[in-house]
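Q: Structure provided below as structure tokens; questions to follow.
The values are calculated or read from the model by the stated rules, or taken from the named source; none is laboratory data. These numbers come from a predicted model, not from an experiment. Heads up, the Cβs are rebuilt from the backbone with ideal geometry, glycines too, and the neighbour counts pull from every protein chain shown. Protein only, heavy atoms only, side chains kept; ligands, DNA and RNA dropped before computing areas. Shrake-Rupley method; radii C 1.70, N 1.55, O 1.52, S 1.80 Å.
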Amino acid sequence: MTTSTPGQSRVLQVAELFGPTFQGEGPSCGQRALFVRLSGCNLDCGWCDTPYTWDWERFSRDKQTVDMPLAAIASWAAGLDTDLIVITGGEPMIQHRRLRELAAELVAGGHRVELETNGTIAPDAALLEVISAFNVSPKLNGSGIPEQRRLRRQALAAFRDCGKAEFKFVITGPADIEELVQLQTELSLQRVWVMPEGTTEASVLAGLRELAEPALTHGWNLTSRLHVLLWGDERGR
Ligand code: SF4
């Protein structure tokens, strides 16, 4: 990774830029995309597949994170012939203000920008305007995180009401399904997707088969993890 730029104020903490590849999950699964993966997260899910973005006991922050000027990210994206850019993490919303600036630059460059978030931090009006779609992934009990940390109902309601959000839930077992049924009713969530947890082809396929019937029963969409089926847990894919 490159080093920080002293005195550079319009920077984001970036874990990695990669693509073109395919969006592997959710409503845009299979679409050609570039990925901007930001560093830092306000949660610590037990099954997290990107711990190198936030777990500084297991990974070196200096080696895994770079302070990158917004202009450098926009310039990288401009050199690649790809319409869709996915901003992900970690949790991108903890860098909310500069994130908004980056999204605006990318949109000005002719891109469509989707944002992946755990849904704990509500978007402001400026971000709502510039992002074309939010993939909101609230965490269920299987994440191992206490409910008061992982479910922020006001923030989830803000995403629900913005008209640009789809909700994607990682399901690790029957208890997660029960919790999702209750949460969906309580918050009147529409456009719900469920996805298995797993970083191997075998675990993703097994999870998809287990989730198919519950998804049909409850009116949910089902998403694979295409990048895992194609490339396992290889980084930068
Ligand atoms: S919210 Fe996402 S990035 Fe953060 S710990 Fe959970 S799975 Fe990992």
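Q: Given (1) open to solvent by 20 Å² or more (accessible area, probe 1.4 Å); (2) within 16 Å of the ligand (Cβ to nearest atom); (3) assigned to a loop (DSSP other than H, G, I, E, B); (4) farther than 22 Å from Phe169 by Cβ, identify the lone condition not met by Gly110.
A: Unmet for Gly110, out of (1) open to solvent by 20 Å² or more (accessible area, probe 1.4 Å); (2) within 16 Å of the ligand (Cβ to nearest atom); (3) assigned to a loop (DSSP other than H, G, I, E, B); (4) farther than 22 Å from Phe169 by Cβ: (2).
Q: Answer with yes or no whether Glu179 is open to solvent by 60 Å² or more (accessible area, probe 1.4 Å) and more than 16 Å from the chain's Cα centre (by Cα).
A: no
Q: Assuming Thr217 fulfils every condition listed in (1) within 17 Å of the chain's Cα centre (by Cα); (2) more than 29 Å from Leu127 (Cα to Cα); (3) not hydrophobic (A, V, I, L, M, F, W, C) apart from one, which condition is it?
A: With respect to (1) within 17 Å of the chain's Cα centre (by Cα); (2) more than 29 Å from Leu127 (Cα to Cα); (3) not hydrophobic (A, V, I, L, M, F, W, C), Thr217 is out only on (1).
Q: Please state which one of Ser137, Ser143, Ser224 is at pLDDT 95 or above, within 26 Å of Ala104 (Cα to Cα) and hydroxyl-bearing (Ser, Thr, Tyr). Walk me through how you get there before you give the answer.
A: Numbers: Ser143 fails: within 26 Å of Ala104 (Cα to Cα); Ser224 fails: within 26 Å of Ala104 (Cα to Cα).
The unique qualifying residue is Ser137.
Q: Can Phe167 be described as in contact with a Cys (Cβ under 8 Å, 6 or more places away or on another chain), open to solvent by less than 30 Å² (accessible area, probe 1.4 Å) and under 30 Å from Gly110 (Cβ atoms)?
A: For Phe167, the condition - in contact with a Cys (Cβ under 8 Å, 6 or more places away or on another chain), open to solvent by less than 30 Å² (accessible area, probe 1.4 Å) and under 30 Å from Gly110 (Cβ atoms) - is not met.
Q: (1) open to solvent by less than 10 Å² (accessible area, probe 1.4 Å); (2) in contact with a helix residue (DSSP H, G or I) (Cβ under 8 Å, 6 or more places away or on another chain); (3) among the β-branched types (Val, Ile, Thr): which one isn't true of Val130, the others all being true?
A: (1)
Q: Taking only segment 58-73 into account, find how many residues are more than 14 Å from the ligand (Cβ to nearest atom), farther than 15 Å from Leu115 by Cβ and buried (at least 21 other Cβ atoms within 10 Å of the Cβ).
A: Residues that pass the stated criteria total 1.
Q: I'm checking my understanding of the structure. Among residues of segment 7-57 that are free of Cβ contacts under 8 Å to residues at least 24 places away in the same chain and open to solvent by 60 Å² or more (accessible area, probe 1.4 Å), which one is farthest from the ligand (Cβ to nearest atom)?
A: Gly7
Q: Hey, another quick one. So the check is Cβ under 6 Å with 6+ separation or different chains; which pairs have a first residue in segment 63-76 that's touching a residue at least 24 places away in the same chain (Cβ under 8 Å) and a second one that's aromatic (Phe, Trp, Tyr)?
A: Gln64/Tyr52
Q: Would you be able to tell me the number of residues in segment 199-218 that are more than 23 Å from Thr53 (Cβ to Cβ) and open to solvent by 60 Å² or more (accessible area, probe 1.4 Å)?
A: The qualifying residues number 8.
Q: Further, regarding this structure: Do we have Thr82 as in contact (Cβ under 8 Å) with a residue 24 or more places away in the chain, among the polar types (S, T, N, Q) and away from the ligand (no atom under 16 Å from the Cβ) here?
A: On the way: in contact (Cβ under 8 Å) with a residue 24 or more places away in the chain: yes; among the polar types (S, T, N, Q): yes; away from the ligand (no atom under 16 Å from the Cβ): yes.
Here the answer is yes, as Thr82 does meet what is asked.
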